[in-house]
Amino acid sequence: MCLQLHYNMVAPRASILLVYTGGTIGMLENPETGALEPLDFNYLQDNVPELRLLGCDISSVEFQPPLDSSAITTEHWVQLARVIEENYDKYDGFVILHGTDTMAYTASALSFVFEGLAKPIVFTGSQLPVGKLRTDGKENLITAIEIAAARDEAGRPRVPEVSLFFENYLMRGNRTSKISADQFSAFESYNYPHLAYAGIEIRYHDAVIANAHVGRTLSVRPYFDPHVAVLKLFPGITREVVEAVLSVPSLRGVVMETFGSGNAPMMPWFLDALRAAVARGVVIVNVTQCVTGYVDMTRYETGVLLEKIGLVSGRDATTEAALTKLMYLLGQGFSSEEVSRLMAIPLRGEMSLDQEMEGFSREISIYRR
Ligand code: ASP
């Protein structure tokens, strides 16, 4: 795999690096065969002439070959992080074009990699290729670039964090999930307010956007340990399945998707399997299968027991954020105790503190539409 750089385009103002990793957005319909083929980024402006009107200096870099995002691995996250790191001082903002299928995972993973971020990294993609008549890709691309280039009156970036723009809404990247396979409105951030709404004009919700880490040096640590698993509970789950997952020899971390506010069955074999894994140093994080709300391991007896066994509460984090955070922390070489400690506290706004949660549910209704 190699990267191709194309420098050019438009008059200077903000300078933006567009990174095309693959996905539907960069496809073009071959008029003869009707098949979707990757767009040559040299011709991006021909397909999206509106880019010239943005008044930004846009360069692009593309993954070769472009990837369907279902093929994304931790190595691609490292590659993407390195592209941004190497170009960090040269550009004012970054727009990452990514397939929608795993975009929430990549946006979450990248949010952990960059500590002390002071520039926007905006993920976007589309449900229809940019070359299709009814595409949502042009709108998503143009607005994502506008957001990455946006400055406040003091000249500071408006959204200096890893975010995801899709169909009118800007969301914190590590709070998103893909929620629809066929609607244009394909992403949602259920437990954290939208960062901005793009209607006739772009309205930024400054109170919920991360502060820029101005003056702090950027530290980039793109190391991930893939020896993790997601264990989704369901009524009637068998002992063989639970024990098979938890006894994988190389396993270092598990995100366990539980019921409601963090509940799980109380069969002795189930609790024993969890105990044995924790004793082997496997970090087990409890997240809820519900799309809104949070894990509270003090609410029911089952939660209290899980906490006693040593499970960590993922609070209101998405599975995507909990899993990539676990991979990131394990990848840093920390001990299981240290990983458990850090999993329980927000590192990049990926989960809320108790006192925030009530406020957020109010803000979510204000900032939703
Ligand atoms: N399968 C595509 C991908 O995730 C879908 C998309 O881009 O929307 O790469």
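The lone criterion from (1) within 16 Å of the ligand (Cβ to nearest atom); (2) surrounded by 21 or more Cβ atoms within 10 Å (Cβ to Cβ); (3) within 24 Å of residue 197 (Cβ to Cβ) left unmet by residue 62 is number (3).
Filter region 65-85 down to the residues that are among the acidic types (Asp, Glu) and more than 9 Å from the ligand (Cβ to nearest atom), then identify the one that is surrounded by the fewest Cβ atoms within 10 Å (Cβ to Cβ). Let's see the steps before the verdict.
Kept after step one, since they are among the acidic types (Asp, Glu), are these residues of region 65-85: 68, 75, 85.
With more than 9 Å from the ligand (Cβ to nearest atom) added as a condition, the list becomes 75, 85.
On the way: 75: 12, 85: 15.
Among those that are among the acidic types (Asp, Glu) and more than 9 Å from the ligand (Cβ to nearest atom), it is 75.
Take the conditions closer than 24 Å to residue 155 by Cβ, surrounded by fewer than 19 Cβ atoms within 10 Å (Cβ to Cβ) and within 23 Å of the chain's Cα centre (by Cα) and apply them to residue 55. Does it pass? Considered against the rule, which asks whether it is closer than 24 Å to residue 155 by Cβ, surrounded by fewer than 19 Cβ atoms within 10 Å (Cβ to Cβ) and within 23 Å of the chain's Cα centre (by Cα), residue 55 comes out as no. Residue count for region 86-108, restricted to those that are surrounded by 16 or more Cβ atoms within 10 Å (Cβ to Cβ) and either more than 11 Å from residue 20 (Cβ to Cβ) or free of Cβ contacts under 8 Å to residues at least 24 places away in the same chain (or both): 15. Within region 105-126, being touching a Phe, Trp or Tyr at 6+ places or on another chain (Cβ under 8 Å), within 11 Å of the ligand (Cβ to nearest atom) and under 22 Å from residue 224 (Cα atoms) holds for one residue alone: 106.
Here region 27-59 is the region considered, the condition is being touching a helix residue (DSSP H, G or I) at 6+ places or on another chain (Cβ under 9 Å) and assigned to a loop (DSSP other than H, G, I, E, B), and the residue that is farthest from the ligand (Cβ to nearest atom) is 55.
Would you confirm whether any residue within region 247-258 is within 25 Å of residue 179 (Cα to Cα), in contact (Cβ under 8 Å) with a residue 60 or more places away in the chain and of a type in the set (D, E, K, R)? Yes; the residues of region 247-258 include at least one that is within 25 Å of residue 179 (Cα to Cα), in contact (Cβ under 8 Å) with a residue 60 or more places away in the chain and of a type in the set (D, E, K, R).
Quickly run through region 259-273 and pick out the residues that are in contact with a Lys or Arg (Cβ under 9 Å, 6 or more places away or on another chain) and closer than 17 Å to residue 312 by Cα.
Just the residues of region 259-273 that are in contact with a Lys or Arg (Cβ under 9 Å, 6 or more places away or on another chain), to begin with: 260-263, 267, 269-270, 273.
Within region 259-273, 260, 261, 262, 263, 270, 273 qualify.
Condition test on residue 295, is it aliphatic (A, V, I, L, M), under 20 Å from residue 174 (Cα atoms) and in contact with a helix residue (DSSP H, G or I) (Cβ under 7 Å, 6 or more places away or on another chain)? No; evaluated as a whole, the condition is false for this residue.
Of everything listed in (1) in a loop (DSSP other than H, G, I, E, B); (2) more than 16 Å from the ligand (Cβ to nearest atom); (3) in contact (Cβ under 8 Å) with a residue 24 or more places away in the chain, the single unmet condition for residue 133 is (3). For region 60-81, residues that are within 23 Å of residue 128 (Cα to Cα), among the hydroxyl-bearing types (Ser, Thr, Tyr) and not in a strand (DSSP E or B) total 2.
Take residue 250 and decide whether it is outside any helix (DSSP H, G or I), over 30 Å from residue 83 (Cβ atoms), more than 20 Å from the chain's Cα centre (by Cα) and among the polar types (S, T, N, Q). Talk me through it step by step, then tell me what you get.
Details: outside any helix (DSSP H, G or I): yes; over 30 Å from residue 83 (Cβ atoms): no; more than 20 Å from the chain's Cα centre (by Cα): yes; among the polar types (S, T, N, Q): yes.
Considered against the rule, which asks whether it is outside any helix (DSSP H, G or I), over 30 Å from residue 83 (Cβ atoms), more than 20 Å from the chain's Cα centre (by Cα) and among the polar types (S, T, N, Q), residue 250 comes out as no.
Residue 22: within 22 Å of the chain's Cα centre (by Cα), within 16 Å of the ligand (Cβ to nearest atom) and at pLDDT 90 or above, yes or no? I'd like the intermediate steps shown before the answer.
Numbers: within 22 Å of the chain's Cα centre (by Cα): yes; within 16 Å of the ligand (Cβ to nearest atom): yes; at pLDDT 90 or above: yes.
Criteria met by residue 22.
Would you check which residues across region 278-335 are at pLDDT below 95, assigned to a helix (DSSP H, G or I) and touching a strand residue (DSSP E or B) at 6+ places or on another chain (Cβ under 8 Å) and list them? Scanning region 278-335 gives 302, 303.
The values are calculated or read from the model by the stated rules, or taken from the named source; none is laboratory data. Here the structure is a predicted model, which means the values were calculated and not measured. With ideal geometry, Cβ positions are generated from the backbone for all residues, glycine too; neighbour counts draw on all protein chains shown.
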